[in-house]
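See structure below.
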Amino acid sequence: MYWLFKSSIGRKLVMSISGLFLILFLTFHVCMNLVAIFSPEAYNMICEFLGANWYALAGTMVLAAGVFVHIVYAFILYFQNRSARGNDAYAVNAKPKNVEWASQNMLALGIAVVAFLALHMYNFWAKMQLVEILHKVGMDVDIANAQNGVFHIQNTFSCPIVVILYLVGLGALWFHLTHGFWSAFQTMGINGKVWFNRWKWIGNIYVTAVILGYVAVVLVFFIKNICSYGAACGI
Amino acid sequence: MEKNININLKVWRQKGPKAKGAFETYKLDGISVDSSFLEMLDILNENLINEGKEPVVFDHDCREGICGMCSLYVNGHPHGPDEDITTCQLHMRKFKDGETITVEPWRSAGFPVIRDLMVDRTAFDKIIQAGGYVSVNTGGIPDANAIPISKIDADEAMDSASCIGCGACVAACKNGSAMLFVSAKVSQLALLPQGRIEAARRAKAMVAKMDELGFGNCTNTAACEQECPKNISISNIARLNREFLKAKLAD
Ligand code: HEM
Ligand code: SF4
Ligand code: FES
(Lines give C-alpha, C1' and ligand atoms only; values in the text may rest on other atoms or scores of the structure.)
(Ligands and ions follow the chains in the order given, each with its own letter.)
Protein backbone atom coordinates (compact mmCIF):
# COMPACT_ATOMS: atom_id res chain seq x y z
CA MET A 1 0.00 0.00 0.00
CA TYR A 2 3.03 2.21 0.46
CA TRP A 3 3.15 2.79 -3.29
CA LEU A 4 -0.01 4.90 -3.05
CA PHE A 5 2.17 7.56 -1.40
CA LYS A 6 5.47 6.81 -3.04
CA SER A 7 4.73 6.53 -6.74
CA SER A 8 3.35 9.27 -8.95
CA ILE A 9 0.73 6.97 -10.45
CA GLY A 10 -0.23 5.75 -6.96
CA ARG A 11 -0.79 9.31 -5.81
CA LYS A 12 -2.80 9.99 -8.93
CA LEU A 13 -4.93 6.92 -8.23
CA VAL A 14 -5.79 8.28 -4.78
CA MET A 15 -6.71 11.58 -6.42
CA SER A 16 -8.95 9.93 -9.01
CA ILE A 17 -10.74 7.58 -6.60
CA SER A 18 -11.34 10.30 -4.01
CA GLY A 19 -12.54 12.59 -6.82
CA LEU A 20 -14.94 10.01 -8.22
CA PHE A 21 -16.21 9.30 -4.72
CA LEU A 22 -16.97 13.00 -4.32
CA ILE A 23 -18.76 13.01 -7.68
CA LEU A 24 -20.86 10.09 -6.46
CA PHE A 25 -21.72 12.06 -3.36
CA LEU A 26 -22.62 15.13 -5.45
CA THR A 27 -24.97 12.90 -7.41
CA PHE A 28 -26.85 11.70 -4.32
CA HIS A 29 -26.89 15.22 -2.98
CA VAL A 30 -28.43 16.74 -6.10
CA CYS A 31 -31.10 14.03 -6.26
CA MET A 32 -32.18 14.95 -2.75
CA ASN A 33 -32.09 18.67 -3.51
CA LEU A 34 -34.35 18.24 -6.51
CA VAL A 35 -36.96 16.69 -4.21
CA ALA A 36 -37.23 20.09 -2.48
CA ILE A 37 -38.54 21.64 -5.68
CA PHE A 38 -41.29 19.09 -6.08
CA SER A 39 -42.24 18.39 -2.49
CA PRO A 40 -40.97 20.42 0.47
CA GLU A 41 -42.56 17.88 2.83
CA ALA A 42 -40.69 14.97 1.30
CA TYR A 43 -37.49 17.01 1.42
CA ASN A 44 -37.89 17.67 5.12
CA MET A 45 -38.46 13.96 5.67
CA ILE A 46 -35.07 13.33 4.07
CA CYS A 47 -33.55 15.99 6.34
CA GLU A 48 -35.03 14.25 9.35
CA PHE A 49 -33.72 10.91 8.14
CA LEU A 50 -30.23 12.35 7.67
CA GLY A 51 -30.08 14.22 10.97
CA ALA A 52 -27.58 13.51 13.71
CA ASN A 53 -28.09 9.74 13.92
CA TRP A 54 -25.27 7.25 13.72
CA TYR A 55 -25.53 6.42 10.03
CA ALA A 56 -25.76 10.01 8.87
CA LEU A 57 -22.83 10.90 11.11
CA ALA A 58 -20.83 7.94 9.83
CA GLY A 59 -21.61 9.05 6.28
CA THR A 60 -20.52 12.59 7.10
CA MET A 61 -17.24 11.30 8.54
CA VAL A 62 -16.49 9.20 5.45
CA LEU A 63 -17.32 12.15 3.24
CA ALA A 64 -15.10 14.48 5.27
CA ALA A 65 -12.29 11.95 5.03
CA GLY A 66 -12.74 11.83 1.25
CA VAL A 67 -12.61 15.62 0.99
CA PHE A 68 -9.59 15.70 3.30
CA VAL A 69 -7.63 13.10 1.32
CA HIS A 70 -8.48 14.79 -1.98
CA ILE A 71 -7.33 18.20 -0.74
CA VAL A 72 -4.16 16.91 0.95
CA TYR A 73 -3.15 15.04 -2.19
CA ALA A 74 -4.03 18.06 -4.34
CA PHE A 75 -1.46 20.11 -2.44
CA ILE A 76 1.14 17.32 -2.39
CA LEU A 77 0.83 16.98 -6.17
CA TYR A 78 0.89 20.70 -6.65
CA PHE A 79 4.11 21.24 -4.70
CA GLN A 80 5.85 18.21 -6.19
CA ASN A 81 4.90 19.33 -9.67
CA ARG A 82 6.12 22.83 -9.02
CA SER A 83 9.53 21.60 -7.97
CA ALA A 84 9.63 19.17 -10.92
CA ARG A 85 8.95 22.13 -13.15
CA GLY A 86 11.79 24.13 -11.66
CA ASN A 87 12.06 27.81 -10.88
CA ASP A 88 12.89 29.11 -14.32
CA ALA A 89 9.73 30.14 -16.09
CA TYR A 90 9.59 30.51 -19.85
CA ALA A 91 9.78 34.09 -21.04
CA VAL A 92 7.35 33.27 -23.84
CA ASN A 93 4.89 30.46 -23.25
CA ALA A 94 2.02 29.86 -25.63
CA LYS A 95 -0.81 27.63 -24.46
CA PRO A 96 -1.01 24.84 -27.02
CA LYS A 97 -4.41 24.60 -28.61
CA ASN A 98 -6.77 21.87 -27.38
CA VAL A 99 -5.42 22.13 -23.85
CA GLU A 100 -8.41 22.61 -21.54
CA TRP A 101 -8.20 25.73 -19.42
CA ALA A 102 -9.60 23.82 -16.45
CA SER A 103 -6.90 21.17 -16.66
CA GLN A 104 -4.21 23.78 -16.02
CA ASN A 105 -6.07 25.40 -13.15
CA MET A 106 -7.35 22.45 -11.14
CA LEU A 107 -5.88 23.66 -7.85
CA ALA A 108 -7.25 27.19 -8.20
CA LEU A 109 -10.66 25.78 -9.10
CA GLY A 110 -10.42 23.38 -6.14
CA ILE A 111 -9.67 26.26 -3.78
CA ALA A 112 -12.67 28.14 -5.15
CA VAL A 113 -14.71 25.01 -4.44
CA VAL A 114 -13.40 24.95 -0.84
CA ALA A 115 -14.48 28.56 -0.36
CA PHE A 116 -17.89 27.68 -1.75
CA LEU A 117 -18.00 24.63 0.51
CA ALA A 118 -17.26 26.80 3.57
CA LEU A 119 -20.10 29.16 2.69
CA HIS A 120 -22.39 26.21 2.06
CA MET A 121 -21.51 24.51 5.36
CA TYR A 122 -22.16 27.79 7.16
CA ASN A 123 -25.53 28.21 5.43
CA PHE A 124 -26.78 24.69 6.04
CA TRP A 125 -24.65 22.22 7.96
CA ALA A 126 -23.91 24.67 10.78
CA LYS A 127 -27.62 25.34 11.16
CA MET A 128 -28.81 21.77 10.86
CA GLN A 129 -26.65 18.74 11.63
CA LEU A 130 -24.22 20.72 13.80
CA VAL A 131 -27.08 22.14 15.87
CA GLU A 132 -28.42 18.64 16.39
CA ILE A 133 -25.00 17.34 17.39
CA LEU A 134 -24.56 20.17 19.87
CA HIS A 135 -28.00 19.47 21.22
CA LYS A 136 -27.20 15.78 21.63
CA VAL A 137 -24.05 16.48 23.59
CA GLY A 138 -26.15 18.54 25.95
CA MET A 139 -25.61 22.11 24.81
CA ASP A 140 -28.37 24.65 25.01
CA VAL A 141 -29.26 25.27 21.37
CA ASP A 142 -32.52 25.92 19.59
CA ILE A 143 -33.34 22.85 17.50
CA ALA A 144 -36.72 24.04 16.27
CA ASN A 145 -35.48 24.41 12.67
CA ALA A 146 -32.62 21.93 12.70
CA GLN A 147 -34.48 19.46 10.49
CA ASN A 148 -36.42 22.01 8.51
CA GLY A 149 -34.28 21.98 5.36
CA VAL A 150 -36.79 23.87 3.29
CA PHE A 151 -36.79 26.69 5.81
CA HIS A 152 -33.02 27.08 5.41
CA ILE A 153 -33.19 26.84 1.64
CA GLN A 154 -35.75 29.61 1.60
CA ASN A 155 -33.69 31.74 3.96
CA THR A 156 -30.43 31.26 2.12
CA PHE A 157 -31.73 31.84 -1.36
CA SER A 158 -33.70 34.95 -0.64
CA CYS A 159 -30.47 36.97 -0.82
CA PRO A 160 -29.28 37.86 -4.34
CA ILE A 161 -25.64 38.08 -3.19
CA VAL A 162 -25.71 34.56 -1.79
CA VAL A 163 -27.43 33.35 -4.94
CA ILE A 164 -24.68 34.85 -7.08
CA LEU A 165 -21.97 33.34 -4.87
CA TYR A 166 -23.62 29.93 -5.21
CA LEU A 167 -23.80 30.23 -8.97
CA VAL A 168 -20.13 31.21 -9.14
CA GLY A 169 -19.19 28.31 -6.84
CA LEU A 170 -21.17 25.89 -8.96
CA GLY A 171 -19.49 27.30 -12.05
CA ALA A 172 -16.05 26.60 -10.56
CA LEU A 173 -17.18 23.08 -9.68
CA TRP A 174 -18.40 22.58 -13.24
CA PHE A 175 -15.02 23.52 -14.66
CA HIS A 176 -13.23 21.33 -12.10
CA LEU A 177 -15.36 18.34 -12.97
CA THR A 178 -15.45 18.65 -16.75
CA HIS A 179 -11.73 17.98 -16.61
CA GLY A 180 -11.76 15.82 -13.47
CA PHE A 181 -14.27 13.29 -14.76
CA TRP A 182 -12.41 12.01 -17.81
CA SER A 183 -9.08 12.64 -16.13
CA ALA A 184 -10.01 10.20 -13.36
CA PHE A 185 -10.65 7.41 -15.87
CA GLN A 186 -7.45 8.23 -17.71
CA THR A 187 -5.59 8.00 -14.40
CA MET A 188 -7.12 4.62 -13.59
CA GLY A 189 -6.03 3.41 -16.99
CA ILE A 190 -9.59 2.86 -18.14
CA ASN A 191 -9.12 4.85 -21.32
CA GLY A 192 -7.73 4.58 -24.81
CA LYS A 193 -8.08 5.98 -28.30
CA VAL A 194 -11.72 4.94 -28.61
CA TRP A 195 -12.89 5.73 -25.10
CA PHE A 196 -11.11 9.07 -24.94
CA ASN A 197 -13.89 11.07 -26.58
CA ARG A 198 -16.56 8.88 -25.05
CA TRP A 199 -15.40 9.64 -21.49
CA LYS A 200 -15.22 13.34 -22.36
CA TRP A 201 -18.78 13.30 -23.65
CA ILE A 202 -20.12 11.20 -20.81
CA GLY A 203 -18.33 13.45 -18.32
CA ASN A 204 -19.52 16.69 -19.86
CA ILE A 205 -23.13 15.57 -20.07
CA TYR A 206 -23.19 13.99 -16.61
CA VAL A 207 -21.45 16.88 -14.88
CA THR A 208 -23.56 19.48 -16.65
CA ALA A 209 -26.72 17.64 -15.62
CA VAL A 210 -25.62 17.47 -11.98
CA ILE A 211 -24.61 21.14 -11.84
CA LEU A 212 -27.81 22.25 -13.59
CA GLY A 213 -29.73 20.31 -10.93
CA TYR A 214 -28.11 22.42 -8.22
CA VAL A 215 -28.59 25.62 -10.20
CA ALA A 216 -32.28 24.76 -10.64
CA VAL A 217 -32.84 24.49 -6.87
CA VAL A 218 -31.08 27.79 -6.20
CA LEU A 219 -32.99 29.64 -8.90
CA VAL A 220 -36.41 28.10 -8.24
CA PHE A 221 -36.28 29.04 -4.57
CA PHE A 222 -34.84 32.48 -5.30
CA ILE A 223 -37.54 33.27 -7.80
CA LYS A 224 -40.29 31.93 -5.54
CA ASN A 225 -38.90 34.04 -2.71
CA ILE A 226 -38.70 37.31 -4.55
CA CYS A 227 -42.21 36.77 -5.94
CA SER A 228 -43.68 36.20 -2.49
CA TYR A 229 -41.53 38.26 -0.10
CA GLY A 230 -38.95 40.21 -2.08
CA ALA A 231 -35.20 39.91 -1.62
CA ALA A 232 -33.76 39.76 1.89
CA CYS A 233 -30.19 39.39 3.06
CA GLY A 234 -30.56 38.77 6.77
CA ILE A 235 -27.81 36.17 7.08
CA MET B 1 12.63 33.04 -56.13
CA GLU B 2 14.82 34.02 -53.22
CA LYS B 3 13.24 35.90 -50.35
CA ASN B 4 15.19 37.22 -47.40
CA ILE B 5 14.00 38.45 -44.02
CA ASN B 6 15.59 40.46 -41.22
CA ILE B 7 14.99 39.17 -37.72
CA ASN B 8 15.79 39.90 -34.09
CA LEU B 9 16.81 36.92 -32.01
CA LYS B 10 16.32 36.86 -28.26
CA VAL B 11 18.51 33.99 -27.14
CA TRP B 12 19.03 32.53 -23.67
CA ARG B 13 22.71 32.60 -22.71
CA GLN B 14 23.97 30.74 -19.65
CA LYS B 15 27.60 29.92 -18.92
CA GLY B 16 26.98 26.72 -16.98
CA PRO B 17 24.49 24.71 -14.92
CA LYS B 18 24.96 26.88 -11.84
CA ALA B 19 25.50 30.20 -13.59
CA LYS B 20 22.75 32.78 -13.84
CA GLY B 21 21.44 33.06 -17.36
CA ALA B 22 19.99 35.99 -19.27
CA PHE B 23 18.62 36.82 -22.68
CA GLU B 24 20.79 38.46 -25.30
CA THR B 25 19.41 40.04 -28.42
CA TYR B 26 21.02 39.66 -31.82
CA LYS B 27 20.07 41.19 -35.13
CA LEU B 28 20.34 39.02 -38.22
CA ASP B 29 19.80 40.48 -41.67
CA GLY B 30 19.19 38.81 -44.99
CA ILE B 31 18.18 35.36 -43.76
CA SER B 32 16.76 33.27 -46.58
CA VAL B 33 13.26 31.98 -45.83
CA ASP B 34 14.38 28.69 -47.36
CA SER B 35 17.00 28.14 -44.69
CA SER B 36 16.19 25.97 -41.72
CA PHE B 37 16.05 27.29 -38.20
CA LEU B 38 19.30 25.58 -37.28
CA GLU B 39 21.02 26.93 -40.40
CA MET B 40 19.94 30.36 -39.25
CA LEU B 41 21.57 29.65 -35.85
CA ASP B 42 24.69 28.46 -37.70
CA ILE B 43 24.83 31.84 -39.45
CA LEU B 44 24.44 33.58 -36.11
CA ASN B 45 27.28 31.54 -34.65
CA GLU B 46 29.51 32.23 -37.61
CA ASN B 47 28.92 35.94 -37.11
CA LEU B 48 29.64 35.63 -33.38
CA ILE B 49 32.86 33.73 -34.01
CA ASN B 50 33.97 36.32 -36.58
CA GLU B 51 33.33 39.02 -34.00
CA GLY B 52 35.46 37.06 -31.52
CA LYS B 53 32.48 36.20 -29.31
CA GLU B 54 31.35 32.88 -27.83
CA PRO B 55 28.96 31.03 -30.16
CA VAL B 56 25.52 29.93 -28.90
CA VAL B 57 25.56 26.31 -27.73
CA PHE B 58 22.62 24.16 -28.89
CA ASP B 59 22.01 20.44 -29.42
CA HIS B 60 21.56 18.90 -32.86
CA ASP B 61 22.69 15.86 -34.79
CA CYS B 62 20.79 14.25 -37.67
CA ARG B 63 18.98 17.41 -38.76
CA GLU B 64 16.27 15.30 -40.34
CA GLY B 65 13.89 14.71 -37.47
CA ILE B 66 14.89 11.23 -36.39
CA CYS B 67 17.54 11.39 -33.70
CA GLY B 68 15.82 13.54 -31.07
CA MET B 69 18.87 15.63 -30.26
CA CYS B 70 17.60 19.06 -31.25
CA SER B 71 15.51 20.90 -28.69
CA LEU B 72 14.80 24.67 -28.34
CA TYR B 73 11.70 26.40 -27.06
CA VAL B 74 10.93 28.79 -29.90
CA ASN B 75 8.35 31.55 -29.40
CA GLY B 76 6.62 29.67 -26.60
CA HIS B 77 6.55 26.23 -28.21
CA PRO B 78 8.96 23.31 -27.93
CA HIS B 79 10.28 22.67 -31.45
CA GLY B 80 8.78 25.99 -32.54
CA PRO B 81 5.42 27.14 -33.83
CA ASP B 82 5.10 24.61 -36.65
CA GLU B 83 3.26 21.35 -35.93
CA ASP B 84 4.49 17.78 -35.73
CA ILE B 85 8.09 18.54 -36.59
CA THR B 86 11.35 18.83 -34.71
CA THR B 87 13.35 22.05 -34.46
CA CYS B 88 15.74 20.85 -37.15
CA GLN B 89 12.78 20.60 -39.55
CA LEU B 90 11.56 24.10 -38.76
CA HIS B 91 12.05 26.62 -41.55
CA MET B 92 12.49 30.35 -41.58
CA ARG B 93 9.46 30.75 -43.83
CA LYS B 94 7.40 30.30 -40.65
CA PHE B 95 8.64 33.70 -39.46
CA LYS B 96 7.90 37.22 -40.58
CA ASP B 97 10.24 39.98 -41.64
CA GLY B 98 11.19 42.11 -38.62
CA GLU B 99 9.94 39.51 -36.13
CA THR B 100 11.57 39.02 -32.74
CA ILE B 101 12.12 35.32 -32.15
CA THR B 102 12.62 34.14 -28.58
CA VAL B 103 14.75 31.02 -28.20
CA GLU B 104 14.92 29.29 -24.81
CA PRO B 105 16.21 25.97 -23.55
CA TRP B 106 13.85 23.22 -22.27
CA ARG B 107 13.06 24.43 -18.76
CA SER B 108 12.42 21.64 -16.32
CA ALA B 109 14.14 20.54 -13.12
CA GLY B 110 14.70 17.13 -14.72
CA PHE B 111 16.66 18.71 -17.59
CA PRO B 112 19.25 21.09 -16.11
CA VAL B 113 20.89 23.53 -18.52
CA ILE B 114 24.43 22.52 -19.49
CA ARG B 115 25.15 25.68 -21.39
CA ASP B 116 23.02 28.24 -23.26
CA LEU B 117 20.33 26.23 -25.05
CA MET B 118 21.74 22.78 -24.36
CA VAL B 119 20.14 20.77 -21.57
CA ASP B 120 21.10 17.51 -19.89
CA ARG B 121 18.66 14.78 -20.92
CA THR B 122 20.53 11.80 -19.48
CA ALA B 123 17.54 11.33 -17.17
CA PHE B 124 15.76 9.76 -20.17
CA ASP B 125 18.63 7.32 -20.70
CA LYS B 126 18.44 6.33 -17.06
CA ILE B 127 14.72 5.63 -17.39
CA ILE B 128 15.36 3.45 -20.45
CA GLN B 129 18.14 1.63 -18.64
CA ALA B 130 15.71 0.90 -15.80
CA GLY B 131 13.61 -1.34 -18.05
CA GLY B 132 12.95 -0.06 -21.55
CA TYR B 133 14.25 -3.19 -23.24
CA VAL B 134 13.53 -6.86 -23.80
CA SER B 135 16.05 -9.04 -21.98
CA VAL B 136 14.92 -12.49 -23.08
CA ASN B 137 17.38 -14.28 -25.32
CA THR B 138 15.50 -14.65 -28.59
CA GLY B 139 18.08 -16.77 -30.36
CA GLY B 140 18.30 -16.53 -34.14
CA ILE B 141 15.88 -14.54 -36.25
CA PRO B 142 12.52 -16.34 -36.23
CA ASP B 143 10.22 -16.40 -39.27
CA ALA B 144 8.18 -13.24 -39.47
CA ASN B 145 4.95 -15.22 -39.24
CA ALA B 146 6.04 -17.42 -36.33
CA ILE B 147 4.49 -15.05 -33.78
CA PRO B 148 1.22 -13.67 -35.13
CA ILE B 149 0.61 -10.04 -34.17
CA SER B 150 -2.58 -8.23 -35.09
CA LYS B 151 -2.28 -5.32 -37.48
CA ILE B 152 -3.87 -3.02 -34.91
CA ASP B 153 -1.31 -3.87 -32.23
CA ALA B 154 1.57 -3.75 -34.66
CA ASP B 155 0.48 -0.29 -35.86
CA GLU B 156 0.07 1.04 -32.33
CA ALA B 157 3.39 -0.35 -31.22
CA MET B 158 4.96 1.28 -34.26
CA ASP B 159 3.30 4.62 -33.45
CA SER B 160 4.59 4.46 -29.88
CA ALA B 161 8.02 3.51 -31.11
CA SER B 162 8.18 6.68 -33.20
CA CYS B 163 9.04 8.62 -30.01
CA ILE B 164 12.54 9.98 -30.49
CA GLY B 165 13.15 10.85 -26.83
CA CYS B 166 13.55 14.56 -27.48
CA GLY B 167 11.95 15.67 -24.22
CA ALA B 168 9.56 18.23 -25.72
CA CYS B 169 6.79 16.61 -23.68
CA VAL B 170 8.60 17.40 -20.43
CA ALA B 171 9.44 20.89 -21.66
CA ALA B 172 5.79 21.58 -22.50
CA CYS B 173 4.38 20.14 -19.27
CA LYS B 174 3.43 22.51 -16.50
CA ASN B 175 4.08 19.65 -14.08
CA GLY B 176 7.47 18.70 -15.51
CA SER B 177 6.11 15.21 -16.10
CA ALA B 178 7.82 12.65 -18.32
CA MET B 179 4.74 10.44 -18.64
CA LEU B 180 4.34 10.79 -22.41
CA PHE B 181 7.88 9.63 -23.06
CA VAL B 182 7.77 6.80 -20.50
CA SER B 183 4.34 5.68 -21.68
CA ALA B 184 5.52 5.52 -25.30
CA LYS B 185 8.54 3.48 -24.31
CA VAL B 186 6.45 1.12 -22.17
CA SER B 187 3.74 0.81 -24.82
CA GLN B 188 5.98 -0.03 -27.76
CA LEU B 189 6.94 -3.22 -25.91
CA ALA B 190 3.77 -3.90 -23.91
CA LEU B 191 1.78 -4.19 -27.14
CA LEU B 192 3.94 -6.97 -28.55
CA PRO B 193 4.16 -10.59 -27.34
CA GLN B 194 7.95 -10.41 -27.00
CA GLY B 195 7.60 -7.43 -24.67
CA ARG B 196 4.66 -8.77 -22.65
CA ILE B 197 6.82 -11.19 -20.72
CA GLU B 198 8.56 -8.44 -18.79
CA ALA B 199 5.71 -5.93 -19.01
CA ALA B 200 4.91 -5.74 -15.29
CA ARG B 201 8.50 -5.44 -14.17
CA ARG B 202 9.22 -2.88 -16.88
CA ALA B 203 6.31 -0.60 -16.00
CA LYS B 204 7.20 -0.62 -12.31
CA ALA B 205 10.92 -0.10 -12.84
CA MET B 206 10.57 2.71 -15.37
CA VAL B 207 7.96 4.58 -13.34
CA ALA B 208 10.06 4.18 -10.18
CA LYS B 209 13.08 5.61 -11.99
CA MET B 210 11.03 8.44 -13.46
CA ASP B 211 9.76 9.36 -9.96
CA GLU B 212 13.20 9.02 -8.43
CA LEU B 213 14.65 11.44 -10.97
CA GLY B 214 12.12 14.04 -9.87
CA PHE B 215 9.73 14.25 -12.82
CA GLY B 216 6.25 15.46 -11.89
CA ASN B 217 2.85 13.82 -11.51
CA CYS B 218 0.78 13.83 -14.69
CA THR B 219 -2.51 15.71 -14.33
CA ASN B 220 -3.71 14.98 -17.85
CA THR B 221 -3.47 18.47 -19.32
CA ALA B 222 -2.33 16.94 -22.64
CA ALA B 223 0.04 19.79 -23.52
CA CYS B 224 2.65 17.09 -24.22
CA GLU B 225 0.53 15.46 -26.90
CA GLN B 226 -0.04 18.81 -28.59
CA GLU B 227 3.64 19.68 -28.68
CA CYS B 228 5.11 16.24 -29.42
CA PRO B 229 6.86 16.31 -32.81
CA LYS B 230 5.92 12.66 -33.35
CA ASN B 231 2.26 12.94 -32.39
CA ILE B 232 2.56 10.43 -29.55
CA SER B 233 -0.96 10.02 -28.14
CA ILE B 234 -1.83 10.30 -24.44
CA SER B 235 -3.70 7.03 -24.86
CA ASN B 236 -0.23 5.64 -24.17
CA ILE B 237 -0.37 7.29 -20.75
CA ALA B 238 -3.64 5.50 -20.01
CA ARG B 239 -1.92 2.27 -21.04
CA LEU B 240 1.05 2.99 -18.77
CA ASN B 241 -1.29 3.72 -15.86
CA ARG B 242 -3.09 0.45 -16.58
CA GLU B 243 0.12 -1.56 -16.82
CA PHE B 244 1.51 -0.03 -13.65
CA LEU B 245 -1.67 -0.39 -11.58
CA LYS B 246 -2.17 -3.98 -12.77
CA ALA B 247 1.39 -4.81 -11.81
CA LYS B 248 1.06 -3.21 -8.38
CA LEU B 249 -2.29 -4.83 -7.64
CA ALA B 250 -0.91 -8.22 -8.65
CA ASP B 251 1.93 -7.90 -6.12
C1 HEM C 1 -16.96 18.32 -4.63
C2 HEM C 1 -15.73 18.44 -4.67
C3 HEM C 1 -14.72 17.83 -5.64
C4 HEM C 1 -14.86 16.86 -6.58
C5 HEM C 1 -16.11 16.08 -6.92
C6 HEM C 1 -13.57 16.68 -7.21
C7 HEM C 1 -13.30 15.78 -8.22
C8 HEM C 1 -12.08 15.62 -8.84
C9 HEM C 1 -11.76 14.64 -9.83
C10 HEM C 1 -12.69 13.58 -10.35
C11 HEM C 1 -10.46 14.85 -10.20
C12 HEM C 1 -9.67 14.07 -11.25
C13 HEM C 1 -8.70 13.12 -10.66
C14 HEM C 1 -7.68 12.65 -11.65
O15 HEM C 1 -7.22 13.43 -12.49
O16 HEM C 1 -7.31 11.50 -11.60
C17 HEM C 1 -9.97 15.96 -9.45
C18 HEM C 1 -8.70 16.49 -9.58
C19 HEM C 1 -8.20 17.51 -8.81
N20 HEM C 1 -8.84 18.11 -7.73
FE21 HEM C 1 -10.74 17.83 -7.20
N22 HEM C 1 -12.69 17.54 -6.65
C23 HEM C 1 -13.36 18.26 -5.68
C24 HEM C 1 -12.83 19.22 -4.84
C25 HEM C 1 -11.50 19.62 -4.85
C26 HEM C 1 -10.90 20.50 -3.90
C27 HEM C 1 -11.64 21.09 -2.71
C28 HEM C 1 -9.58 20.66 -4.27
C29 HEM C 1 -8.47 21.46 -3.67
C30 HEM C 1 -8.37 22.34 -2.87
C31 HEM C 1 -9.38 19.89 -5.45
C32 HEM C 1 -8.19 19.84 -6.13
C33 HEM C 1 -7.97 19.05 -7.22
C34 HEM C 1 -6.76 19.07 -8.00
C35 HEM C 1 -5.54 19.96 -7.77
C36 HEM C 1 -6.92 18.12 -9.00
C37 HEM C 1 -5.94 17.81 -10.10
C38 HEM C 1 -5.04 16.73 -9.67
C39 HEM C 1 -4.78 15.79 -10.77
O40 HEM C 1 -5.41 15.81 -11.82
O41 HEM C 1 -3.88 15.00 -10.55
N42 HEM C 1 -10.55 19.26 -5.77
N43 HEM C 1 -10.97 16.42 -8.61
S1 SF4 D 1 6.84 11.58 -26.49
FE2 SF4 D 1 7.12 13.04 -28.19
S3 SF4 D 1 7.81 14.92 -27.14
FE4 SF4 D 1 8.10 13.24 -25.68
S5 SF4 D 1 10.20 12.54 -25.97
FE6 SF4 D 1 8.92 11.26 -27.32
S7 SF4 D 1 8.92 12.32 -29.30
FE8 SF4 D 1 9.71 13.82 -27.80
S1 FES E 1 18.66 17.04 -35.01
FE2 FES E 1 17.98 14.95 -35.03
S3 FES E 1 15.85 15.22 -34.66
FE4 FES E 1 16.49 17.28 -34.87
Nearest-ten-degree value, helix B:122-131 long axis tilted from longest Cα axis of chain B: 10 degrees
Interchain or long-range residues, amide H under 5 Å from B:Ile101's placed H: B:Asn8, B:Leu9, B:Lys10
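Using a simple charge model, +1 on the beta-carbon of Lys and Arg, -1 on the beta-carbon of Asp and Glu, nothing else, what dipole does chain B show about its Cα centre, in debye to the nearest 20?
1020 debye
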A:Phe49 versus B:Asp251: modelled label distance in nm, points set 7 Å from Cα along the beta carbon direction: 4.3 nm
Range of Cα positions in segment A:2-232 per principal axis (Å), largest first: 56, 41, 36
Projected label distance in nm at B:Ile85 and A:Trp101, using a 7 Å step from Cα toward the beta-carbon: 3.2 nm
Distance histogram for chain B (every C-alpha pair counted, 5 angstrom bins, percent rounded to whole numbers): 1, 6, 12, 16, 17, 14, 11, 8, 7, 4, 3, 1, 0, 0
Vicinal HN-Hα couplings computed from phi for segment B:38-54 (Karplus, 6.51 cos²θ - 1.76 cosθ + 1.60; Hz; Gly/Pro x): 6, 5, 4, 5, 4, 5, 4, 5, 4, 4, 4, 5, 4, 7, x, 9, 6
Fraction of beta bridges assigned by DSSP in chain B that are antiparallel (%, nearest 5): 80 percent
Per-residue ³J(HN,Hα) for segment B:5-16, Karplus 6.51 cos²θ - 1.76 cosθ + 1.60, θ = phi - 60°, Hz, x for Gly and Pro: 10, 9, 9, 10, 10, 10, 10, 6, 10, 8, 5, x
Long-range amide H partners of B:Ser32 with built H, under 5 Å: B:Ile5
Cysteines having no other Cys beta carbon under 4.7 Å from their own, within chain A: A:Cys31, A:Cys47, A:Cys227
Hypothetical label at B:Asn6: residues of segment B:94-109 whose amide nitrogen lies under 11 Å (7 Å Cα-Cβ projection): B:98-99
Computed magnitude of the charge dipole of segment B:122-250 (debye, nearest 20; Cβ of K, R +1, Cβ of D, E -1): 380 debye
B:His77 long-range amide H proximity, modeled H, under 5 Å: A:Ala94
Label-point gap, in nm, between A:Ala118 and A:Ile37 - each point 7 angstrom along Cα→Cβ: 3.0 nm
Heavy atoms of A:Thr178: accessible area, 1.4 Å probe, square angstrom to 10: 20 Å²
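Place a +1 charge on the Cβ of each Lys and Arg in segment A:1-158 and a -1 charge on the Cβ of each Asp and Glu, then give the dipole magnitude about the Cα centre in debye, rounded to the nearest 20.
Numbers: 9 positive and 7 negative charges, 185 e Å.
Using Cβ point charges on Lys, Arg, Asp and Glu, segment A:1-158 gives about 900 debye.
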For the protein assembly as shown, alpha-carbon Rg relative to the globular expectation (2.2 N^0.38 Å, N residues): 1.21
Flagged links, alpha-carbon separation over 18 Å, of B:Lys209/B:Lys248; A:Lys127/A:Lys224; B:Lys10/B:Lys174; B:Lys15/B:Lys126; B:Lys185/B:Lys230: A:Lys127/A:Lys224; B:Lys10/B:Lys174; B:Lys15/B:Lys126
Candidates per GluC sites (Glu not before Pro) in segment B:42-80, loop by DSSP, up to 11 other Cβ within 10 Å: B:Glu51, B:Glu64
Percent accessible area from carbon and sulfur atoms, segment A:18-62, protein chains only, probe 1.4 Å: 82 percent
Estimated vicinal HN-Hα couplings, Hz - segment B:218-233 in sequence order (Karplus 6.51, -1.76, 1.60; Gly, Pro = x): 5, 10, 6, 7, 6, 4, 4, 4, 5, 9, 4, x, 10, 6, 5, 8
Positive-end residue, the protein assembly as shown charge dipole about Cα centroid, Cβ charges, pick of B:Ala238, A:Leu22, A:Pro160: A:Leu22
Label zone at B:Val57, where the point sits 7 Å out along the Cα-to-Cβ direction: segment A:87-115 residues whose backbone N lies under 15 Å: none
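The values are calculated or read from the model by the stated rules, or taken from the named source; none is laboratory data. Keep in mind it's a predicted model, so treat the numbers as computed, not measured. All Cβ positions, even for glycine, are placed from backbone atoms using ideal geometry, and neighbour counts span all protein chains on display. Note: accessible area is taken over every heavy atom of the protein model, side chains too, but ligands, DNA and RNA are not part of it. Shrake-Rupley method; radii C 1.70, N 1.55, O 1.52, S 1.80 Å.
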